[in-house]
Amino acid sequence: MHRVLIEIGPVTIYSYGFFLAIAFLTCIFLIRRDTERFGMPFDKILDCLVWILIIGIVGGRLLYVLINWQYYIQYPLRVLALRDGGMAFHGSLVLAVAAGVLLSRFKGLPFWRTSDFLAPYIPLGHAIGRIGCFFNGCCYGKIIETGPGVTFPGELHMRIPVQLYSSLFLLLLYFFLSFLRGKKTFDGSVFCAYVIIYSVFRFFIEFFRGDTPPVLPGMTLAQVISGVMFLLGLAVWIILYLRAKNPGNMALDEGT
């Protein structure tokens, strides 16, 4: 692992923060390019994204600290050490979506249409961020004796490179959702597809993670959350689909 990417005098650039920044800037560039094509107001979306990023980081860090509360009780000042990594994606996603609901109302943006527009960039940013996890040495896989694996500095055994597998899957999911976005038949379908597909993937990739202890027999907290997200995503997709077939049904109004 290479937690420090560049060190020039007093300036130190950490790999985890570097790839988070690259993820955000890459997504902003692509969003700016696509706003004209999809008729979305870039200025309003950018304002929302800045706040969503900040709130998402807070949510991801908060959940990570709660999961590892025993460590942070002993070292409370480490809560603020974001340069060392330590983010729980589900925490980021939940608070980011909640912030998106409020901000879309404040900015006068249709939530479901905006969510569909932004949905492909969630796995894209996540894919780049997972590379940062690999360099940082966090979110690591289980120990293996044979097969494709990586050996991190200070360790004598190989681990499954789940960060890289996740990054590849998330990149493919970005392309799939981008295709789906141009073919959608009702608002909300692309975002719900993201929630459903990612939840299934995350549930199964957790079996290969080596840093997530079970909270239930044979299941990690991420798997429990993924199961809930899958059911919610599927339920909302069905509701939105039925509403699109019957415009008189006002459940889940466009502005919410």
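Considering G147, G154, which residue is exposed (fewer than 15 other Cβ atoms within 10 Å of the Cβ), of a type in the set (G, A, S), over 23 Å from V4 (Cβ atoms) and without any contact (Cβ under 8 Å) to a residue 24 or more places away in the chain?
After applying the criteria, what remains is G147.
Which members of the range 208-233 meet the condition of being surrounded by fewer than 15 Cβ atoms within 10 Å (Cβ to Cβ) and in a helix (DSSP H, G or I)?
Residues satisfying the conditions are V228, L231, L232.
Which ranges mark the helices (runs of 4 or more DSSP H) fully within the range 38-123 that have 1 or more residues being among the polar types (S, T, N, Q) and in contact with a helix residue (DSSP H, G or I) (Cβ under 9 Å, 6 or more places away or on another chain)?
Answer list for the range 38-123: 89-107, 111-118.
Name the single residue, out of those in the range 163-188 being modelled with pLDDT of 95 or more and among the small types (G, A, S), that is nearest to E206 (Cα to Cα).
My answer is S166.
Any residue in the range 92-110 that's over 13 Å from I54 (Cβ atoms): show its pairings with residues that are of a type in the set (G, A, S) and assigned to a helix (DSSP H, G or I) at Cβ separation under 7 Å, as long as the two are six or more apart or on different chains.
V94/G59
Can you pull out every residue in the range 168-184 that is within 13 Å of the chain's Cα centre (by Cα) and either among the aromatic types (F, W, Y) or surrounded by 21 or more Cβ atoms within 10 Å (Cβ to Cβ) (or both)?
Matches in the range 168-184: F169, L173, Y174.
The values are calculated or read from the model by the stated rules, or taken from the named source; none is laboratory data. Treat the numbers as computed from the prediction; the structure is a model and nothing was measured. FYI the Cβ positions are ideal-geometry reconstructions off the backbone, even for glycines, and counts take in every protein chain you see.
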